[in-house]
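One structure is given here, and the rest of the page talks about it.
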Amino acid sequence: MLRCYVPPASMRAAHLPLATEIVMHHTSARSRTHWRHTPGLLAWLMGTSMGTLLGAIWPAHHAVAADAPQAAAAAASAPAEGVRKALFEPFTAAQDLVRARKFVEARAKLTEIEATPALSPYEAYQLDRLLFTTAVALNDGAAAQARYDRVVASGRLTEAELAPLLYNVMVAAYRAEDHARAAAAAVKVRAHPAMDADMRDQAQQIQIQSLYLGKDYVAAARELEADLATRRAAGKTPSEQSLRMLASSYNLTKATPSYFGVIEQLAVTHPKKDYWLELIGRVQSQPGFDDRLWLDLQRFKHAALGPGDANDYFESAEAAQQANLPVEARKLLDAGYAAGLLGQGAQAAEHNKLRATVARQVEEDAAVIDNAAAAARVSREPVALVHWGMSFVAAGKVDQGLALLEEALTKPTLKRPDDVRLRLGAAYAMADRKDQAVKTLQTVKGSDGASDIAHLWLLLLKLPAAR
């Protein structure tokens, strides 16, 4: 089963457990996402919040009398852009704690200040700014959002000045794994006119991951498709992690055709054995797959993935021998023996028996192959042309084999012409004749597996080093 996307540790709150991996179809892999880190923005918040506040402390000679009879009167007497003398020391202490990065203690001190009756609008604004900074530092998305909303309502900051604050609301919510809030904040960040392109891009990634982690897989897939379309239009190859997350989203919503469409993209853009095995397994498990095409599927598997295990060698050789293609069977057996996989273990006797049978049949074919091929051309029976064509290809006489297969396709009495087109296209591919292979494979039709195998070959031929 393929395990897919888990966000990297750098994008999760450090104190929270690892998110559960999403089971897909085959094997596990984790990916990394890099995005704009917050320390610089947090430093900006701390600097602007504290700098503004310190500069606005009401000078001592304008201080309100210490024995003012009412707190409301004290607030009323506070300057419009200053802090009353009674709150000077608590605010300063809170600022010092923030500078020392003692955010829990700073929040406690600020909470004490908030309990002061009848804070002036300016005092409330500065309090909100500092509480916002502590909320972001403590990854408290809900508190950051609440303080941000109050700062916005104060009307004291421009859109450009609000931009970093909004970005940090998103970051705090994401790190707190408050997925709904993080996704909603990311939408606002992307729409904010003062955000630069990099911040918008990072917001989009956080939005996508928050939707995914919040289990809104349909929305996550929608945003991912839009993001990948934009990147492709710009000539960029989609990242493996983005495609894996998209595949997982489709898998979790049981959108099977879309899931395998993404696995195809992964196999072509980030080729790995696991992706090809997914696609090969799907072809064989499709309703209506005809077992007569099993050897054709194995041929593709060997071309795409190279040598397999002992059973892979033995079963493929056995299938080739049963298809009366002893030369192909011998090549498979020789490779298995050379790799040290055959001829030993509990099935050694079976391996050796098949090898002896195949060796005898190869000798018999070698004695008649040239005359038999000529006789097949004279006859009107296309089956013989196909058989000897495949024999020549397996024997390394590719041109002669291809000519016989091409001729077989001209015979009106040929049964299952799509099988022959598939084998001809595969032979072209293995002979490095890509253009002819593509042209031939594109003509393969049918619902019994032939067209599905041809499609796999066409995908393989898209790889830069495709044979």
ask   = All but one of (1) charged (D, E, K, R); (2) in contact with a Lys or Arg (Cβ under 9 Å, 6 or more places away or on another chain); (3) free of Cβ contacts under 8 Å to residues at least 12 places away in the same chain hold for Lys434; which doesn't?
value = (3)
key: Evaluation of Leu458 against (1) within 31 Å of the chain's Cα centre (by Cα); (2) in contact (Cβ under 8 Å) with a residue 24 or more places away in the chain (one fails), failing number   = (2)
task = Return yes or no: is Arg282 of a type in the set (D, E, K, R), more than 19 Å from Gln361 (Cα to Cα) and surrounded by fewer than 16 Cβ atoms within 10 Å (Cβ to Cβ)?
result = no
ask   = Out of the residues in the range 238-277 that are in a helix (DSSP H, G or I) and small (Gly, Ala, Ser), which is nearest to Leu305 (Cα to Cα)?
value = Ala267
remark   = By residue number, the members of the range 136-150 that are part of a loop (DSSP other than H, G, I, E, B) and of a type in the set (A, V, I, L, M, F, W, C) are Leu138
remark   = By residue number, the members of the range 125-181 that are among the small types (Gly, Ala, Ser) and more than 18 Å from Met199 (Cβ to Cβ) are Ala135, Ala137, Ala142, Ala143, Ala146, Ala153, Ser154, Gly155, Ala176, Ala180
request  = Of all residues in the range 195-222, count the ones that are without any contact (Cβ under 8 Å) to a residue 60 or more places away in the chain and over 25 Å from Leu165 (Cβ atoms).
outcome  = 8
Scope the range 398-431; condition more than 20 Å from Arg292 (Cα to Cα) and either outside the structural domain of Phe300 (by TED's automatic domain parsing) or assigned to a helix (DSSP H, G or I) (or both); matching residues = Val398, Asp399, Gln400, Gly401, Leu402, Ala403, Leu404, Glu406, Glu407, Tyr428, Ala429, Met430
message = So if I check each of Ala310, Ala338, which one is in the same structural domain as Met430 (by TED's automatic domain parsing) and either buried (at least 20 other Cβ atoms within 10 Å of the Cβ) or touching a helix residue (DSSP H, G or I) at 6+ places or on another chain (Cβ under 8 Å) (or both)?
response = Ala310
ask   = Val358: surrounded by 15 or more Cβ atoms within 10 Å (Cβ to Cβ), part of a helix (DSSP H, G or I) and touching a residue at least 60 places away in the same chain (Cβ under 8 Å), yes or no?
value = no
message = Here is a check on your reading of the model: is Ala229 without any contact (Cβ under 8 Å) to a residue 40 or more places away in the chain and outside the structural domain of Arg181 (by TED's automatic domain parsing)?
response = no
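The values are calculated or read from the model by the stated rules, or taken from the named source; none is laboratory data. Bear in mind the structure is a predicted one, so any value in this text is a computation, not a measurement. As a convention, Cβ positions derive from the backbone with ideal geometry for all residues, glycine included, and neighbour counts pool all protein chains shown.
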